[in-house]
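Here the structure is laid out as structure tokens; the discussion comes afterwards.
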Amino acid sequence: MRATDEEAWEVAWSEELNVGIPGIDDEHRRFIGQVNALNAAIAGREPKTRVEELLKVIVRDACAHFAREERLLEERGYPDAKRHAVLHAGLVIQITAALHDIRDTEWSRFWIETGMAIRKVLVEHLLEEDMRFRDYFQAKK
């Protein structure tokens, strides 16, 4: 991979991604950075231990973030809170499976596909699902 390829993998944070809840926005911003770091490590063919560690951090932080977000949605009466929690559970399963898949293989195109898939599911969740609760809460104000 060339440096320009790595740059193409990056997700840039923008204010349009804010949901209007400072702690949640901070965590989302951190996730974007973690996914960028993961994909840069894969593209740079960093050691497997480094890639695994980055994935472990994403799994750990995703679990903690999702739990906080779910509590907040429930407390604020978001009508799709239960469905949102189910989606979170699916994301954790996907990311955890990616960690196991990478543990069981050596660097290959598969790793690139795995990193891009993690990027895709987390960013799509933010852009689609989290923007729904942002819009809901903004409409309630």
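Points worth noting:
- Screening Ile42 against (1) assigned to a helix (DSSP H, G or I); (2) of a type outside the set (Lys, Arg); (3) within 20 Å of Tyr136 (Cα to Cα); (4) touching a residue at least 24 places away in the same chain (Cβ under 8 Å) leaves a single unmet condition, (3).
- Selection count, the range 88-121, where residues are farther than 20 Å from Gly44 by Cβ and in contact with a Phe, Trp or Tyr (Cβ under 9 Å, 6 or more places away or on another chain): 4
- Test set (1) over 15 Å from the mean Cα position of the chain (by Cα); (2) surrounded by 14 or more Cβ atoms within 10 Å (Cβ to Cβ); (3) modelled with pLDDT of 90 or more - Glu69 fails condition number: (1)
- Residue ID - modelled with the highest pLDDT, chosen from residues in the range 8-25 that are surrounded by fewer than 12 Cβ atoms within 10 Å (Cβ to Cβ) and assigned to a helix (DSSP H, G or I): Gly23
- Unmet requirement for Trp107, which otherwise passes all of (1) free of Cβ contacts under 8 Å to residues at least 40 places away in the same chain; (2) among the aromatic types (Phe, Trp, Tyr); (3) not in a helix (DSSP H, G or I): (1)
- Residues in the range 75-104 that are in contact (Cβ under 8 Å) with a residue 40 or more places away in the chain and not in a helix (DSSP H, G or I) were compared, and the one that is surrounded by the most Cβ atoms within 10 Å (Cβ to Cβ) is Tyr78.
The values are calculated or read from the model by the stated rules, or taken from the named source; none is laboratory data. Predicted model only: the values in this text are computed from it and were never measured. Don't worry about glycine lacking a Cβ; one is built from the backbone with ideal geometry, like all the others, and counts go over all protein chains shown.
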